[in-house]
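*Asks:* For reference, the structure I am asking about is given below.
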Amino acid sequence: MRDRIAFIDLTRQQERIRNRLDAAIACVLDHGQYIMGPEVAALERSLADFCGARHVIACANGTDALLLALIAKDLRAGDAVIVPSFTFCATAEPVSLLGGVPIFADVLADTFNLDPESLKAAVLTARRLGLRLRGAISVDLFGQPCDYDAIEAIVRENSMWLICDAAQAFGATYRRRKIGTIGNITTTSFFPAKPLGCYGDGGAVFTDEDETAGIIRSLRVHGQGKDKYDNVRVGINGRLDTIQAAVLLEKLAIFADEIEARNRVAARYDEFLPANLKRPVVVDDTISVWAQYTVQTRFRDDCLIHLRKQGVPAAVYYPQPLHRQPAFRDCPIAGGQLPTSERLAADVLSLPMHPYLAEDDQHLIAAAMTAFSAAPCLP
Ligand SMILES: Cc1ncc(COP(=O)(O)O)c(C=O)c1O
């Protein structure tokens, strides 16, 4: 079988739109505006149309998107920001880079997303430590929006801002609200393996706040004022390349169709996988973009070895929660412990997931998982 099963297959998508990609890239080569060319503004308009956000600012990557959002919210040294521990390091990194204090909160075992009760505990932790609590960053992990009704209520009660790190979830919908329109600011990544990815690094910031959008546009180009030689604030070089914008415009044209395909793939996994395997749970009335399809097993490391022997690529996101990483070891923890993040780091396993995954291959993957679950050494 099975070396042919790709964990994430970008070649099938490229074959589908290769002519259009070639033409779009050739167009940039012809007009020569490699930095902030017309495709960048066109992409920002198309992303805004796609999700309904009032302002979209394209930028260099998803980490810069978070950095721009935090600078725009005037995060100062010593300010506290609540962040889930079970996520990629880039969620917390910009908080620390700016001298802020990430307070790590736990996640829910079934959805992998920020646990509202742990968010409340993190607020109390900030108060107990006498920190100036400014906001929270929620993460729509593996493509699924968080439980925003609960999270927004806590954020409002505590006069905090909310930044949604949707690096993995652009295109998803929470109770008829598209990702990009929730929280004060949403950020995303166009890293190639993301549901909407370019052919290099890329990212974007979404907000309905006019003033915040203006500040982020300025920050993206060295804090520029009326032009780039008028520097009204300290910013960064955080622009998206024109060629990446051109690629993204072509990929966005087929994105809705790919989101449907991803959901068909996820539904087939739900059907084919062994009954005793813990599957990801999607919040009611919510559409995930399935950046990952992640299951849980107490015998994760053995299962990984077994799958690899069977030619099934699988991956672990994430083997360490952030509060256990040396870089964040000294940061406060909500309520003193984060048991779900720790358990998930030991148990999670992501299976191949992309819009072009064939039903036959999913049968093979499910059969490999079934053989593992039925092995006599397991309870
Ligand atoms: C949850 C999360 N936040 C932020 C990022 C950072 O995005 P980028 O790699 O584009 O900087 C990623 C990328 O993997 C991510 O998964």
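*Asks:* Using Cα springs under 10 Å in a Gaussian network model of the chain, which residue among TYR318, TYR229, TYR293 shows the largest mean-square fluctuation?
*Replies:* Highest fluctuation among the options: TYR229.
*Asks:* Next question. According to the Kirkwood expression over distinct Cα-Cα pairs, how big is the hydrodynamic radius of the range 46-172, in Å?
*Replies:* Answer for the range 46-172: a Kirkwood hydrodynamic radius of 14.8 Å.
*Asks:* Relative contact order of the chain, please, whole-number percent, based on alpha carbon pairs below 8 angstrom and at least 6 residues apart.
*Replies:* Answer for the chain is 23 percent.
*Asks:* Looking only at the chain, where both bridge partners belong to it, what percent of the DSSP beta bridges are antiparallel (to the nearest 5)?
*Replies:* Values: 24 of 42 bridges.
If we restrict to bridges inside the chain, about 55 percent are antiparallel.
*Asks:* Take the chain, connect every pair of alpha-carbon atoms lying under 10 Å apart with a spring to form a Gaussian network, then pick out the residue of VAL283, VAL232, VAL348 with the largest mean-square fluctuation.
*Replies:* VAL232
*Asks:* If you take the square roots of the eigenvalues of the alpha-carbon gyration tensor of the range 1-92 and sort them as a ≥ b ≥ c, do you get rounded (a/c under 1.5), prolate (a/b over b/c) or oblate?
*Replies:* oblate
*Asks:* Hey, another quick one. Round to a whole number: what % of the accessible area of the chain belongs to carbon and sulfur, probe 1.4 Å? Could you put the intermediate results ahead of the total?
*Replies:* On the way: 7940 of 15740 Å².
That fraction is 50 percent.
*Asks:* Mind putting a number on the dipole of the chain about its Cα centre? Charges go on the C-beta only, +1 for Lys and Arg and -1 for Asp and Glu, and I need it in Debye to the nearest 20. Each step should come with its number before you reach the end.
*Replies:* On the way: 40 positive and 46 negative charges, 108 e Å.
Roughly 520 debye, rounded to the nearest 20.
*Asks:* Still on this model: Over 20 Å intervals from 0, what percent of Cα-Cα pairs in the chain sits in each interval?
*Replies:* Per 20 Å bin, starting at 0, the Cα pair percentages come out as 29, 56, 15, 0.
*Asks:* With a/c under 1.5 counting as rounded, go ahead and sort the range 232-379 into rounded, prolate or oblate using the C-alpha gyration tensor (a ≥ b ≥ c being the square roots of the eigenvalues; past the cut-off, prolate if a/b is larger than b/c, else oblate).
*Replies:* Because a/c hits 1.5 or more and a/b fails to exceed b/c, the range 232-379 counts as oblate.
*Asks:* Restricting to Cα pairs below 8 Å that are 6+ residues apart, what does the relative contact order work out to for the range 184-336? Please round to a whole percent.
*Replies:* Reported as a whole number, the value is 14 percent.
*Asks:* How high is the relative contact order of the range 127-255, in percent, with contacts defined as C-alpha pairs under 8 Å that are six or more residues apart?
*Replies:* Details: 214 pairs, mean separation 20.8, N = 129.
Across the range 127-255, relative contact order equals 16 percent.
*Asks:* Per residue, how big is the convex hull of the range 282-355 when only Cα atoms are used? Give it in Å³.
*Replies:* Numbers: hull volume 10.1 nm³, N = 74.
Roughly 136 Å³ of hull volume per residue.
*Asks:* At 222 nm, what value in deg cm²/dmol follows for the chain if DSSP H runs of at least 4 each add -39500 (n - 2.57) and the sum is divided by all its residues, to the nearest 500? Please report the intermediate quantities before stating the final value.
*Replies:* Working: 12 runs with 148 residues, N = 379.
Only helices count here, giving -12000 deg cm²/dmol.
*Asks:* Which of ALA368, ALA346, ALA267 moves the most in a Gaussian network model of the chain with Cα springs under 10 Å?
*Replies:* ALA267
The values are calculated or read from the model by the stated rules, or taken from the named source; none is laboratory data. What you see is a predicted model, and the numbers here were worked out from it, not measured in a lab. All Cβ positions, even for glycine, are placed from backbone atoms using ideal geometry, and neighbour counts span all protein chains on display. Remember, those area values only see protein heavy atoms, side chains included, never the ligands or the DNA or RNA. Shrake-Rupley method; radii C 1.70, N 1.55, O 1.52, S 1.80 Å.
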